1. For the range B:231-254, enumerate the residues that are in contact (Cβ under 8 Å) with a residue 24 or more places away in the chain, more than 13 Å from chain A (Cβ to nearest Cβ) and on the phi < 0 side of the Ramachandran plot.
2. Just to confirm my filter: which helices (runs of 4 or more DSSP H) fall fully inside the range A:130-215 and include at least 2 residues that are touching a strand residue (DSSP E or B) at 6+ places or on another chain (Cβ under 6 Å)?
3. Filter the range B:59-75 for residues that are at pLDDT below 90 and within 11 Å of another protein chain (Cβ to nearest Cβ) and give the result.
4. Could you check residue B:127 against (1) surrounded by fewer than 21 Cβ atoms within 10 Å (Cβ to Cβ); (2) within 7 Å of chain A (Cβ to nearest Cβ); (3) modelled with pLDDT of 90 or more; (4) touching a helix residue (DSSP H, G or I) at 6+ places or on another chain (Cβ under 9 Å) and say which number it fails?
5. Any chance you could count how many residues in the range A:155-176 are closer than 26 Å to residue A:265 by Cα, loosely packed, with under 14 Cβ neighbours inside 10 Å and under 21 Å from the mean Cα position of the chain (by Cα)?
6. Could you tell me whether residue A:223 is more than 18 Å from residue A:121 (Cβ to Cβ) and part of a helix (DSSP H, G or I)?
7. Any idea how many residues of the range A:273-295 are under 9 Å from residue A:243 (Cβ atoms) and crowded, with 21+ Cβ neighbours inside 10 Å?
8. Checking residue A:81 against (1) in contact with a helix residue (DSSP H, G or I) (Cβ under 6 Å, 6 or more places away or on another chain); (2) under 26 Å from residue A:172 (Cβ atoms); (3) assigned to a helix (DSSP H, G or I): exactly one of these is not met. Which one?
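The values are calculated or read from the model by the stated rules, or taken from the named source; none is laboratory data. In this text, all values refer to a predicted model and were calculated from it rather than measured experimentally. Neighbour counts are summed over all protein chains in view; Cβ atoms, including those assigned to glycine, are modelled from backbone coordinates with ideal geometry.
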């Protein structure tokens, strides 16, 4: 009794298929083996989703807080005050000839971009489990979105940093043109490390507890409260294996004009950061097939 | 054959479930484990072992060697009991998870609807959530903007569109969530039981919308437990069971087989051994059958056609006035009716021993569509006693077509009620100012 209807469904649909066949995408589904491609082209196709996820995170981040977006400024400023008191005043740690608070804040602003990003990226896959279990999209969208949503905080903190520089009468030199490079290096380091941790976090929830601890240790392994010029060469260049060393020394050089010749450190740091990003992305993609099953 | 929309070949999915059923353990074992297991787990991490926790030899196959094709424009139902692998199959086809074996090929833009409101954020307003959810479902910003007014109207939340959804009632929330999903327009749509939420009114609205989408010539794979919905939406249905395709064919047939295997009954039931047949030493039930209008045993009945409830019974002792009767229940557990035999030939008449066959015809255009369970019973009057009462003796399915001459007329949505009689309707046209009836020829 339903026959005529079925017929008409089919004829109409075949027509539609013919119209679309020019661009008809064929999706192949099969078990993946070994190392898989990063599928960056597909990632680009989903940039609108990335945009909406970042937009959501930014909109929601300070909802139902009293101080709201002020938190983005309070965090680095209070840390700077505490560090300046203990390490600058009491411990009298040298600061490459720059006022200690400025020396410290110039490091804390990119550091916060890194550490907040790392924290968000590491937990991003677990926090988005309801999305991952219900809908397909390139999974890399989630950690990248988590990283980029922290950028608003960074921009606000950066304005405070500029204000501090004005207060101390510090005018940046042409070196400041290199600053975007160091911000990019921060993002690469944060994402690379975060990709490793977010993929591991899906299976081992221990990561959630390791990350804050790790960030704390990493902070002291990075020249934030002290200058890397305290180290003799060649150790100083080797120190650049920690990519944040290159970021911090580079930022100070670009903004404050510290005369520390950070070139070799930055090269080592860039290589380390890229190695982290590439390995992290491949590890993430390799583990991706199991995410929906175990998250 | 290049025009197949969904081609599935030998898909299998293995899940590792770790060591769930561990044998008896002592406290000492546990303590040793407490010390040792972190080390073992760390070792597992480093080896990228696919099941870092304990031994990994325990696994189950949720799907095994599933193959089928779906033509473009086909609307196919996917049914099976819980754990049959329906949702796993849908997740594989929508690329949420990978198959362990086999392959599939999908031609065309695909959309998935495993739940409504995926990614909704309570702090965002209705407007913001429409854009967010639309993007998550795979719509472009332009597409969402184009459909925005329609989505809001469908959800009936115009007044609250700029209120955070955490202040919505659950009904409003669901309506908005479904409204976005309903405006997803891919060529191929995979739908899980998203209709199993909300109140009856909302479910009807969703179902009607699904029907509309189905008529637009899209390819749909529809997972549901709601048999009337499956038979109505999908001409073809695939039955999954024990991880594989058990049956693939016209929906009413597959639904009938599924229901009869699920309930353990079918349209025909016999008790060949009189000693084990239900009943007493006076009467024993020997068979219950459902007959279509052609007299053949039938599991599915067109709503417009009569269905015969037939019972065969042996009267073992002569001299009783016997009253056979049937009760018909629907899947909601409502007793649609009970009816006792009223054949004038046997009214008040004592019966002699022997085999009797009693049949009661339910007229066409009387029952509502859906699955019906038939109970068969027999009483004697003096002494008043029930000799057997076989509650779910047989089961059958009533199918409502869309040909326009059943009691649903041109109405495409879900009609409620335990019965669906074809009433004697008349409508008169009054003149525009309502002064009096217009003479119709």
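1. Across the range B:231-254, the qualifying residues are B:238, B:239, B:240, B:241, B:244, B:245, B:246, B:248, B:254.
2. It comes to none.
3. B:62, B:73
4. Evaluating residue B:127 over (1) surrounded by fewer than 21 Cβ atoms within 10 Å (Cβ to Cβ); (2) within 7 Å of chain A (Cβ to nearest Cβ); (3) modelled with pLDDT of 90 or more; (4) touching a helix residue (DSSP H, G or I) at 6+ places or on another chain (Cβ under 9 Å) leaves (2) as the failure.
5. Count: 1.
6. For residue A:223, the condition - more than 18 Å from residue A:121 (Cβ to Cβ) and part of a helix (DSSP H, G or I) - is not met.
7. Summing the residues that are under 9 Å from residue A:243 (Cβ atoms) and crowded, with 21+ Cβ neighbours inside 10 Å in the range A:273-295 gives 1.
8. If we test residue A:81 against (1) in contact with a helix residue (DSSP H, G or I) (Cβ under 6 Å, 6 or more places away or on another chain); (2) under 26 Å from residue A:172 (Cβ atoms); (3) assigned to a helix (DSSP H, G or I), just (1) comes out false.
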